[in-house]
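First the structure, in the form of C-alpha cells, and then the observations on it.
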Amino acid sequence: VQLQASGGGLVQEGGSLRLSCAASGTIFSINNMGWYRQAPGKQRKLVATIAIGRRTTYANSVKGRFTISRDNAKNTVSLQMNNLKPDDTAVYYCNTDPPLKNDNYWGQGTLVTVSS
C-alpha cells in the first residue's frame, strides 16, 4: 500500500480535524489527488480534489468547510475539515483522481466520527 491516510478521530459537532496522506513520489508527482469518504452502509464518494497545479474542487456538501492542500516536496496531501457535522462521519481515504485501478491503494483509510 503506497497511500496512507491518517488523522481521523472522534470530534464534536462544530469541531475540526486535519487529515494527512503520504504517497510515494512516483504516484504523487504525476497525479491529481483526491480525498474520498465512505459512510456506513453507503458507497464511497469523492470529497475533494487537488490538481498538480493546485486547482481544487469540492463536493457541495463540504464547500466552505473543507480545504484540500498538497505539499509536492513532501509528497503529502491534506484535508482540513472545519465545522464538522454528524453527516461527515465516515472512513476517509486518499487516492489519485481518478482512483488507481489497483484496489490495494485504498488502504485502511482513517475513521472520522462526529458526535452531535
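The values are calculated or read from the model by the stated rules, or taken from the named source; none is laboratory data. None of the values given here were measured: they were computed from a predicted structure. Note that we place each Cβ from the backbone using ideal geometry, even for glycine, and neighbour counts take in every protein chain shown. These accessible areas exclude ligands, DNA and RNA; they are computed on the full protein's heavy atoms, side chains included. Shrake-Rupley method; radii C 1.70, N 1.55, O 1.52, S 1.80 Å.
Rounded to the nearest 500, what is the 222 nm mean residue ellipticity of the chain from helices alone, with -39500 (n - 2.57) per DSSP H run of 4+ residues and division by all residues?
Rounded to the nearest 500, the figure is -500 deg cm²/dmol.
If you split all Cα-Cα distances of the range 54-116 into 5 Å bins from zero, what percentages do you get per bin, shortest first?
4, 14, 22, 26, 20, 11, 3, 0
Extent of the range 1-59 along each principal axis, from alpha carbon coordinates, in Å, largest to smallest?
36, 24, 23
Between Ala51 and Ser116, how high is the FRET efficiency from 1/(1 + (r/R0)^6) when r is the Cβ-Cβ distance and R₀ = 35 Å? Nearest 0.05.
Once the sixth-power term is evaluated, E becomes 0.50.
Is there a quick way to get the dipole size of the chain? I mean about its Cα centre, with the Cβ of Lys and Arg at +1 and of Asp and Glu at -1; what is the value in debye to the nearest 20?
It works out to roughly 220 debye.
Regarding the chain, what is the average projected area of its C-alpha convex hull, in nm²?
6.6 nm²
Using label points projected 7 Å from each Cα along Cα→Cβ, tell me how many nm separate Ser61 and Ser29, to one decimal.
3.6 nm
Could you report the accessible area of Arg37 in Å², rounded to 10, computed with a 1.4 Å probe on the protein chains as they sit in the structure?
Surface accessible to solvent at Arg37 totals approximately 40 Å².
In the chain, if the dipole is taken from +1 on Lys/Arg beta carbons and -1 on Asp/Glu beta carbons about the Cα centre, which of Ile52, Gly25, Leu111 is farthest to the positive end?
Highest projection toward the positive end goes to Ile52.
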